[in-house]
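Asks: Please read through the structure below; I'll follow up with questions.
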Amino acid sequence: MPKRALARKPEKRERIIDLVVLWKSTPENMRKHKSLAELAKANDLTPNTDFYSIANSPEVMMKVTTSIAGEELNEVKNVLAVLRDQAKTGHVRSAEVYLEWIRKIITDSSLMEYVKPAQDMNRTLKEISNGAQQMLKVAEKLKDHNDIDTYLQSKAVTADYKDSTPMENKRLSQTNG
């Protein structure tokens, strides 16, 4: 029964989908309307079987998932950087997760077709392989915390620090702090 009613009003169905996707993609504590019924009423919709059928449809769930995942893509670079840095210090699990992510990306044919890398694929794969081999060599050498500490100390750089903050800023921070 709901499919027939919705088939006559595709614009209404799309409106409900858009409203519900936005509502479900918003964290609960930030939602203006605390329930689907409130959302429907606030938008001059009747919270009936048709409404709930659309609100809980696979189409809505897919759009919500895509919306949330899309927002998190901005953080992927930061997470990968942390994994990479941890892997370089010998953290084996970080290296595994980092390399698995890269493997999944480069073997995703639809993504690779979309991105169409300008570089030669063989060269890219060799660079990734070389980086992975370097990480694994470091990880194999580091058997315990003493080995890790020794390795990190060997990579430490001694540097001199010179305060280049203008005097005006120093005076302001001293009076404010």
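Asks: Enumerate the pairs (first residue in region 17-42 and under 9 Å from residue 55 (Cβ atoms); second residue anywhere and open to solvent by 70 Å² or more (accessible area, probe 1.4 Å) and basic (Lys, Arg)) with beta-carbon separation below 8 Å, excluding pairs fewer than 6 apart on the same chain, so at least 6 apart or on different chains.
Replies: Matching pairs, first to second residue: 17/63.
Asks: From 46, 65, grab the single residue that is at negative phi, open to solvent by 80 Å² or more (accessible area, probe 1.4 Å) and not in a helix (DSSP H, G or I).
Replies: 46
Asks: Identify, please: which residue in region 130-160 is touching a Gly at 6+ places or on another chain (Cβ under 9 Å) and within 15 Å of residue 84 (Cβ to Cβ) and is, among those, surrounded by the most Cβ atoms within 10 Å (Cβ to Cβ)?
Replies: Per the stated criteria, the residue is 135.
Asks: Now a separate question. Among the residues of region 13-36, write down those that are over 22 Å from the mean Cα position of the chain (by Cα), farther than 15 Å from residue 68 by Cα and either among the acidic types (Asp, Glu) or surrounded by fewer than 14 Cβ atoms within 10 Å (Cβ to Cβ) (or both).
Replies: Scanning region 13-36 gives 14, 32, 34, 35.
Asks: Which one of these is open to solvent by less than 90 Å² (accessible area, probe 1.4 Å), in a helix (DSSP H, G or I) and in contact (Cβ under 8 Å) with a residue 40 or more places away in the chain: 100, 59?
Replies: Going through 100, 59 in turn, just one is open to solvent by less than 90 Å² (accessible area, probe 1.4 Å), in a helix (DSSP H, G or I) and in contact (Cβ under 8 Å) with a residue 40 or more places away in the chain: 59.
The values are calculated or read from the model by the stated rules, or taken from the named source; none is laboratory data. The structure displayed is predicted, hence computed values, not measured ones. Here the Cβ is made from the backbone with ideal geometry for all residues, glycine too, and neighbour counts use every protein chain on show. SASA here: full protein model, heavy atoms, side chains in, ligands and nucleic acids out. Shrake-Rupley method; radii C 1.70, N 1.55, O 1.52, S 1.80 Å.
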